[in-house]
Structures are given as structure tokens and as C-alpha cells.
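As C-alpha cells, the structure follows; a few thoughts come after it.
The values are calculated or read from the model by the stated rules, or taken from the named source; none is laboratory data. Predicted model, so just to flag it, every value in this text is computed and none were measured. All Cβ positions, even for glycine, are placed from backbone atoms using ideal geometry, and neighbour counts span all protein chains on display. Side chains are part of the model used for accessible areas, which takes the heavy atoms of the whole protein and leaves out ligands, DNA and RNA. Shrake-Rupley method; radii C 1.70, N 1.55, O 1.52, S 1.80 Å.
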Amino acid sequence: MSLERQVRAKLAGKRNPEQEKEAQEWIETILGQKFPPGETFEEALKDGIVLCKLMNKIKPGSVPKINTSGPSFKMMENINLFQKALKDYGVADVDVFQTVDLWEMKDIAQVTTTLFALGRETYRHPEWTGPYLGPKPAEENKREFDEETLAAGKTVIGLQAGSNKGATQAGQNIGAGRKIIIGK
């Protein structure tokens with residue numbers, strides 16, 4: 001098997017069909033239209049048109065010009081415009097897929113991860129009233145303790161400090177036992 005084929009097989013193993021289905025349904029709900037019949041998840045997203053329309057629904061005007069036809073580089077430009085709009089919306093740079101991940105279908109799992117990152121980011125925008133994708137991000141839960149409480153906490157020895165309350169590993173068998181063969 002060639003190296004490229006091995007890499008493709010490994011990346012395909014990272015894909016999660018349930019997450020892709022969830023992301024596709026989220027996109028279809030927001031856009032109000034289904035993906036074209038017979039097209040896979042990645043084929044429907046490849047030219048970036050659907051992604052740009054999605055971004056414009058979430059934040060109107062975030063992608064000013066969507067290329068609907070033309071040579072390959074024009075379609076790749078759609079993906080780049082979507083990525084810029086994502087970052088402007090607040091999606092972290094580390095969550096944004098690389099253009100080749102989608103255009104050359106090298107890492108569709110990363111594209112799905114990016115869509116979930118966008119879905120999480122919509123929670124932080126009160127102006128967004130549409131559906132959400134993925135779990136709600138945690139919010140800061142700052143606590144204030146008085147001096148007495150802080151002092152009391154310093155006298156407690158936490159379980160991470162090594163106390164196991166008398167627990168041992170006696171009698172624990174993990175895996176096959178050691179076999180001793182006499183006479184060989």
C-alpha cells in the first residue's frame with residue numbers, strides 16, 4: 001500500500017459519521033435547503049459555496065462575494081473567505097481546518113471539527129437566534145473565599161497527595177500469569 005493511501009485510510013478512520021450527519025442537518029436547517037441528492041457530505045461542502053452561505057446566515061454580510069462558478073482557484077477562494085469569516089466571528093485559529101483538508105478531501109474530520117467549533121461559537125453571540133451545534137461552552141465561574149475558608153483549605157490533605165485509605169493492589173491480576181516451564 002502506498003504511503004498516500006495509508007495516510008488517507010488513517011484520516012478516514014478519524015471520521016465520525018454521526019457528527020457529520022449532525023453537522024449536515026444543522027447546516028440544512030439554517031440554510032433551509034437539503035444537500036443535493038447523491039452528494040456526500042464532503043462533496044457538498046468542497047466548493048465552499050454552502051459554507052459561505054452558512055456563514056452569511058449566521059452573520060449577515062460576513063462573506064461579501066461568493067464565487068458560484070469559475071476555475072478551481074475561485075472555488076478555493078470561497079473556502080478561504082469562509083475561514084476568514086470564521087476567525088472574524090470568534091472561532092479560534094486552532095479550530096479552523098486548512099483549505100486542502102476540504103479541497104483535496106485530506107482531513108474531513110477536521111472540517112467537521114471546525115463546523116462544531118462554529119456551532120459552539122454561536123452560543124456566545126446573543127444576536128444568533130437559530131439552532132446551535134454541539135455543547136454549550138463553559139462560562140467563567142469565579143469564586144471569592146474569605147481568609148478563614150482559605151486557611152481551612154490549607155490544612156486538608158487531598159487524596160492526590162498520596163493517601164489511599166489502606167487500599168492495596170494485593171490479589172489483583174491483570175493479564176496472563178507468568179508461566180514457568182520446568183525441564184526445558
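In the list N80, N67, which residue meets the criterion of being modelled with pLDDT under 90, of a type in the set (S, T, N, Q) and farther than 20 Å from K14 by Cβ?
Result: N67 is the single residue among N80, N67 that is modelled with pLDDT under 90, of a type in the set (S, T, N, Q) and farther than 20 Å from K14 by Cβ.
Applying the selection to region 59-88, what residues are aromatic (F, W, Y) and in contact with an Asp or Glu (Cβ under 6 Å, 6 or more places away or on another chain)?
Within region 59-88, none qualify.
When you check I108 against the structure, is it touching a residue at least 60 places away in the same chain (Cβ under 8 Å) and more than 23 Å from R15 (Cα to Cα), yes or no?
The answer is no for I108.
Among what's in region 141-158 and is open to solvent by 90 Å² or more (accessible area, probe 1.4 Å) and not in a helix (DSSP H, G or I), pick the residue that is farthest from T112 (Cα to Cα). Even if it seems obvious, please write down each step before you answer.
Step one: filter region 141-158 for residues open to solvent by 90 Å² or more (accessible area, probe 1.4 Å), giving 141-145, 147-148, 154-157.
So of that shortlist, the ones also not in a helix (DSSP H, G or I) come out as 141-145, 155-157.
On the way: N141: 29, K142: 32, R143: 35, E144: 39, F145: 41, T155: 47, V156: 45, I157: 44 Å.
Here the residue is T155.
Exactly one of (1) open to solvent by 90 Å² or more (accessible area, probe 1.4 Å); (2) in contact with a Cys (Cβ under 6 Å, 6 or more places away or on another chain); (3) among the aliphatic types (A, V, I, L, M) is unmet by I66. Its number?
Against the list (1) open to solvent by 90 Å² or more (accessible area, probe 1.4 Å); (2) in contact with a Cys (Cβ under 6 Å, 6 or more places away or on another chain); (3) among the aliphatic types (A, V, I, L, M), I66 comes up short only on (1).
Output the helices (runs of 4 or more DSSP H) that fall wholly within region 16-102 and possess 3 or more residues being without any contact (Cβ under 8 Å) to a residue 12 or more places away in the chain and among the acidic types (D, E), or say none. Give the steps one after another, and end with the answer.
Values: elements: 17-31, 41-45, 49-58, 72-89.
In region 16-102, the matching helices (runs of 4 or more DSSP H) lie at 17-31.
When region 101-140 is examined, which residues are found to be open to solvent by 20 Å² or more (accessible area, probe 1.4 Å), among the β-branched types (V, I, T) and touching a helix residue (DSSP H, G or I) at 6+ places or on another chain (Cβ under 9 Å)?
T113
Taking the stated definitions as given, is T112 among the hydroxyl-bearing types (S, T, Y), within 30 Å of I66 (Cβ to Cβ), at pLDDT 90 or above and touching a Lys or Arg at 6+ places or on another chain (Cβ under 9 Å)?
Yes; evaluated as a whole, the condition is true for this residue.
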